[in-house]
Structures are given as C-alpha cells and as structure tokens.
Amino acid sequence: MKPRDAKFLLMPVTVSLVLLFLLFRPAMAGSQGPQVCADNQDFNVRRLDSEQTENICQAYRGKVLLVVNTASRCGFTDQYADLEQLYAQYRDQGLEIAGFPSNDFGNQEPGSEGSIKSFCRLTYGVRFPMYAKTRVRGQDADPFYKALAQAAGTEPRWNFHKYLLDRDGKLVGSFGSSTNPQGRKIIEAIESVL
C-alpha cells in the first residue's frame, strides 16, 4: 500500500470522529442570549395526550425554563429520572421543565401520546409538564423549536437536547444530549438565573 492510499483509508474515520464530536458536544450561549419569548410571541402548544393548549411563553413567564426533546426508546431515556430529580430540587425556586416527545431521531418515539404519557409516569415518575409529540428540527419543526434553534444557532442533533431560558425568556444555554441534567454545566447555568 502506498502512503497516499493510507490517507484515503483514514478519511472515513476522521469524518466519523468529527460527526460524533458535533453530535454530542454541548453548545453554550452567553447568559445575555437572544430573546426567545417576547411579549408578542404566540407559541401555542398542546399538553401531552390532551386537548388543552397554552402559550408556552405566557405559561412560564417569570420562570426559568429548561426545554427538552425526549424519546422513550433512546440511549438517553434514563435522563428522565435526572430531569425529574432536577425538577424536584429547583421547582420551588422557579425552575420549570417542559418535555417535548419527538420521533425525529431514529424512530425512537413511535408510540401514541397516551403510551408516552403512561411510560413517563409509570417508568420514571415524571411530574414535570409534557407536551404533544413535536417536530423539533428541519422545515417542519414546531415554531417554538424554530425560535429556540435560531436563538441558539443550533437545532437538536438528537433526543434529549436541552435549551435553557431565563425568567425573561432569553436563551441562557443550549446543551447536547450527552450533557447530563444533573451535571455541573446545567446546574451552574440554572443556578445563575434562579
């Protein structure tokens, strides 16, 4: 094998490593991030397995909001337990968590909204608000998720991507799937705006 042939053999490995890095690295925005929820925003979302809709920006005005796209059949699904623990720990200080089940990645949320709701409650004891099954990336993404992606400069790359908004609806941070909700990065970001 000639040395130049070896370079072409390494190319797929290098591309794979770069893609993995981009997929799982946390992307952080500054604490004075772009406005996602302004007074004129009308992001109406429906509660999971319900006909009840609400304007998510109005519903959480004055609260710190962690927005997470979730899935029941994902390698990160155990983060439901960490999210619930985070919710219990900081809810009284003003933290809210909003879960948005999504089937956008690897068909990992194929079930009905009723089955998703049962799974979350029975398996992980989820009490934080969950919303309707949602498209979170691409042209068909929900308008709220489009606004989050625009503010962060990145849309979710996989399930359990997290966006953090401060009490004024400004983006504080964007965290990749591998960033644990109980990890230092998210805890420090939340505590900085509570």
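With respect to the conditions (1) in a strand (DSSP E or B); (2) farther than 14 Å from residue 177 by Cα, residue 67 lacks only one, and its number is (2). Quick test of your reading of the structure: residue 92 fulfils all but one of (1) under 20 Å from residue 57 (Cβ atoms); (2) free of Cβ contacts under 8 Å to residues at least 24 places away in the same chain. Name the failing condition by number. Just one mismatch for residue 92, condition (1).
The set of residues in segment 93-126 being touching a helix residue (DSSP H, G or I) at 6+ places or on another chain (Cβ under 9 Å), surrounded by 22 or more Cβ atoms within 10 Å (Cβ to Cβ) and either in a helix (DSSP H, G or I) or of a type in the set (Lys, Arg) (or both) consists of 120 alone. The residues of segment 136-145 that are over 18 Å from residue 177 (Cα atoms) and either among the β-branched types (Val, Ile, Thr) or not in a loop (DSSP other than H, G, I, E, B) (or both), listed by number, are 143, 144.
Against the test of being over 25 Å from residue 53 (Cα atoms), basic (Lys, Arg) and touching a residue at least 12 places away in the same chain (Cβ under 8 Å), the options 185, 170, 162 yield a single qualifying residue, 185. In segment 173-192, the qualifying residues are those that are surrounded by 18 or more Cβ atoms within 10 Å (Cβ to Cβ) and β-branched (Val, Ile, Thr), and the one that is nearest to residue 36 (Cα to Cα) is 190. Within segment 155-194, restricting attention to residues that are in a strand (DSSP E or B) and over 13 Å from residue 145 (Cα atoms), the residue that is nearest to the chain's Cα centre (by Cα) is 175.
List the pairs whose first member sits in segment 30-49 and is within 15 Å of residue 166 (Cβ to Cβ) and in a strand (DSSP E or B), whose second member is of a type in the set (Gly, Ala, Ser) and modelled with pLDDT of 85 or more, and whose Cβ atoms are under 8 Å apart, counting only residues at least 6 apart or on separate chains? These pairs meet every condition: 35/151; 35/169.
Listed here are the residues, each with its yes/no results for (1) more than 13 Å from the chain's Cα centre (by Cα); (2) at negative phi; (3) not acidic (Asp, Glu).
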| residue | (1), (2), (3) |
| --- | --- |
| 94 | yes, no, yes |
| 101 | no, yes, yes |
| 107 | yes, no, yes |
| 110 | yes, yes, yes |
| 115 | yes, yes, yes |
| 123 | yes, yes, yes |
| 128 | yes, yes, yes |
| 132 | yes, yes, yes |
| 137 | no, yes, yes |
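The values are calculated or read from the model by the stated rules, or taken from the named source; none is laboratory data. All values derive from a computational prediction rather than experimental measurement. Note that we place each Cβ from the backbone using ideal geometry, even for glycine, and neighbour counts take in every protein chain shown.
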